[in-house]
Structure formats: structure tokens, C-alpha cells
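Everything below concerns the one structure shown next.
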Amino acid sequence: MQEDKIYEYAVIRLVPKVEREEFFNIGLILFSKKEKYIKSRFYLCPDKFRLMRSKLDYHDVLENLKSFENIAEGRKEGGPIAMLDIPERFRWLTAVRSSVVQTSRPHPGKSKNLDKTFHKLFEELVM
């Protein structure tokens with residue numbers, strides 16, 4: 001019998017006008033220290049983005065999200081932060097910050113299948 005794996009996840013948010021604190025969910029990051037697992041994914045809906053009436057450039061935001069993903073996945077394109085171990089990268093990415101790309105506070109959970117849980121949470125919280 002497969003045992004439950006403990007994980008943490010955070011929702012990635014776009015905050016077009018930081019001073020207004022309005023946001024919408026655009027992605028998810030999930031990690032499990034014991035399983036040495038980390039996965040992130042985002043979806044920035046162009047129609048929803050336009051509704052925010054922000055001065056942000058859609059393609060600039062996509063570039064920022066790509067950097068976020070590079071750090072999460074530990075790719076060298078993510079710079080020195082991407083070279084940290086998985087728990088340190090997760091903590092760095094989910095640290096409280098005042099920027100247009102933010103995350104929720106981390107939430108814990110248990111799962112027998114981390115990939116399946118990731119996809120379920122992504123569908124429920126982002127799509």
C-alpha cells in the first residue's frame with residue numbers, strides 16, 4: 001500500500017495594481033521535501049488580463065512568470081536562486097512580497113500521487 005506524501009502548495013497570483021491589492025489566480029506551485037518534488041505551472045488568460053485595465057505589459061508578465069518557473073524547476077536560466085535546494089527555492093518563491101507576481105501563503109496537504117494532486121488543485125484554483 002502506498003503511503004501518503006506530505007506536501008505544501010501556494011497559489012500564484014497576478015496583482016496588476018499592488019496598491020489596490022486586487023488579484024487573480026494564475027498558477028500553482030507544489031512541493032514535497034521528502035519526495036524531493038517541486039512543480040509549478042501558470043496560465044495567464046489574455047482576456048482576463050485585459051479586464052484588469054492595468055498598465056502592465058502582457059508579455060513582460062509572461063517573462064516574469066517564466067523566471068518564476070525557471071527558479072522553481074532549478075534551471076540555470078533562473079540564476080543563483082534556482083541553484084538552491086528544493087525547500088529553499090519554494091520558501092524564496094513563496095516569501096511575502098509587494099510585486100505584481102505574488103503567492104498565497106503555503107497550504108499543507110497529503111497525497112498518494114503528487115502529480116495527480118497538482119493537476120486537481122490547478123484545475124480547481126486556477127482554471
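We did not get these values from a lab; they are worked out from the coordinates using the rules stated. These numbers come from a predicted model, not from an experiment. Every residue, glycine among them, receives a Cβ derived from its backbone with ideal geometry; neighbour counts consider all protein chains shown.
Which entries in Lys34/Lys110; Lys33/Lys110; Lys36/Lys112; Lys66/Lys112; Lys66/Lys116 show an alpha-carbon gap greater than 18 Å?
Listed pairs above 18 Å: Lys66/Lys112; Lys66/Lys116.
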ask   = Which whole-Hz couplings ³J(HN,Hα) result when phi for each residue of segment 80-91 is put into the Karplus expression 6.51 cos²θ - 1.76 cosθ + 1.60, θ = phi - 60°, listed in order with x for Gly and Pro?
value = x, 5, 5, 8, 5, 6, 4, x, 5, 5, 4, 4
query = Residue by residue, what Karplus-based ³J(HN,Hα) values in Hz, rounded to whole numbers, does segment 114-123 have, using 6.51, -1.76 and 1.60 with θ = phi - 60° and x for Gly and Pro?
reply = 5, 4, 5, 5, 4, 5, 4, 5, 4, 5
ask   = Residue separation times 0.36 nm, minus the C-alpha to C-alpha distance between Glu88 and Glu63: what's the value?
value = 6.8 nm
key: For the chain, alpha-carbon Rg over 2.2 N^0.38 Å   = 1.07
request  = Please compute the Cα-Cα pair-distance distribution of segment 38-87 with 5 Å bins starting at 0, giving whole percents from short to long.
outcome  = 5, 20, 24, 18, 13, 11, 8, 1
note = Under the 7 Å Cα-to-Cβ spin-label approximation, Glu73 and Arg50 lie apart by a distance in nanometres of 2.9 nm
